[in-house]
């Protein structure tokens with residue numbers, strides 16, 4: 001057989017070799033089929049660590065307790081005890097270093113998340129005291145009169 | 001003592017000391033159920049109590065801030081759906097901005113068609129259903145990934161490798177629950193990770209911690225003493241789109257047939 005038949009064959013073999021070499025260096029050593037075989041298992045093992053080391057931003061109300069004990073203790077005595085501090089005060093992240101001051105949500109929208117009247121039967125929402133925002137002092141921030149840390153304390 | 005008695009006694013003593021104490025333990029069916037399958041000790045599952053959810057949307061806000069999903073982008077790892085079923089048999093459902101700001105109007109958001117007014121007197125049922133990744137036991141999104149960028153950790157959580165994802169979007173099409181989307185910043189497939197960075201440190205997910213009403217819970221189904229496992233084993237629970245065979249691991253209390 002003449003060499004013109006072999007020539008494309010050498011090209012193909014060469015390409016395969018190049019791909020294998022590139023693959024050897026490009027694909028990470030921890031890439032494999034893992035525990036669940038070819039259908040579900042292909043992955044790079046090191047990525048699990050990436051997700052494990054992701055930064056925690058919401059620290060929980062216990063993180064606030066020591067420095068802000070006055071508001072914390074007030075909250076503990078009120079029906080709002082079920083609401084974690086960071087829901088309204090935004091995530092602590094590395095407060096007080098970073099951020100030095102948290103962005104507190106103060107608008108009416110925050111309170112209306114629970115206190116807008118939606119009397120749906122079969123939903124817990126129906127049991128929450130509510131106001132109609134169109135008639136209940138429109139344009140005024142709720143915190144002008146109500147204390148969010150203890151709403152039963154009486155109006156300011 | 002003759003030879004016969006000596007051999008008998010020897011056999012008794014050896015038998016007695018080799019019999020482990022665990023052989024006397026009565027088998028607990030729950031424990032058995034929780035330990036079937038492979039040998040890993042953790043299998044994360046989620047429990048949503050739709051009776052307790054009031055649709056405040058604090059979970060959605062917490063998820064977006066915790067996991068770095070751009071706050072004003074119309075994508076979210078978890079969202080809350082509102083279902084209102086009126087006396088004429090119609091179902092009205094919406095989830096404005098994934099309920100990031102809760103539901104602060106009784107009007108149903110119809111998207112580009114505006115809003116639909118619903119008279120309170122016409123309502124038969126009304127409830128909220130939080131949704132998130134089901135961390136399926138047979139995840140179709142993992143199956144279709146052509147490059148092995150999405151995978152299931154032995155504890156059941158499905159993750160996406162951001163450095164390996166080529167952004168083809170097959171997984172977004174494959175998920176029957178529509179929980180996947182493209183991250184607006186990284187341009188790779190994005191999904192709920194059950195806050196893997198938190199649960200592996202012994203914390204709860206951001207959405208569970210943010211929920212004031214205890215509507216969301218996370219637990220380990222392989223631990224028979226886990227409160228979530230106890231509820232799943234003893235109460236009436238539902239899962240979404242069972243017929244797809246994906247074996248979703250987010251369980252719902254009070255799931256209505258209108259919820260898809």
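Each reported figure results from applying straightforward, stated rules to the coordinates on display, with no laboratory input. Everything numeric in this text was worked out from a predicted model, so none of it was measured. With ideal geometry, Cβ positions are generated from the backbone for all residues, glycine too; neighbour counts draw on all protein chains shown.
Observations on the structure shown:
- Spatially, segment B:39-88 and segment A:20-81 are offset by 18 Å when compared through their Cα centroids.
- Geometric extent, Cα atoms of chain B - Rg, Dmax (angstrom): 24.1, 99
- Summed over qualifying helices (DSSP H, 4 residues or more, each -39500 (n - 2.57)) and divided by its residue number, chain B shows a 222 nm mean residue ellipticity of -6000 deg cm²/dmol.
- Computed over chain B, relative contact order equals 25 percent, with contacts defined as Cα pairs under 8 Å that lie 6+ residues apart.
- Residue with peak Gaussian network fluctuation, chain A [Cα springs, cutoff 10 Å], from A:86, A:49, A:70: A:49
- Here residue A:4 and residue A:49 are evaluated by their C-beta separation; at R0 = 45 Å the FRET efficiency comes out at 0.25.
- Each semi-axis of the equivalent ellipsoid for segment A:3-52 is √(5λ) with λ an eigenvalue of the Cα gyration tensor; in descending order they amount to 36, 13, 5 Å.
- Estimated [θ] at 222 nm from DSSP helical runs (n ≥ 4, -39500 (n - 2.57)) normalised by residues in chain A, nearest 500: -10000 deg cm²/dmol
- Contact order relative to length of chain A, as percent, for alpha carbon pairs under 8 angstrom and 6 or more apart: 16
- Equivalent ellipsoid of segment B:139-260: semi-axes from √(5λ) of the C-alpha gyration tensor, largest first, are 26, 18, 14 Å.
- Spacing of the modelled spin labels on residue A:27 and residue B:143, each 7 Å from Cα toward Cβ, amounts to 2.3 nm.
- Listed residues A:27, A:48, A:81, most fluctuating in chain A (Gaussian network, C-alpha, under 10 Å): A:27
- Note on segment B:140-190: Kirkwood radius taken over Cα pairs, Stokes-Einstein applied at 4 °C and 1.567 mPa s, translational D equal to 119 µm² s⁻¹.
- For the protein assembly as shown, the Kirkwood hydrodynamic radius from C-alpha pairs, put into Stokes-Einstein at 37 °C and a viscosity of 0.692 mPa s, yields a diffusion coefficient of 132 µm² per second.
- Rounded if a/c under 1.5, otherwise prolate or oblate - segment A:61-153, Cα gyration tensor axes: prolate
- The C-alpha atoms of chain A occupy a region whose extents along the principal axes are 101, 40, 31 Å, arranged from largest to smallest.
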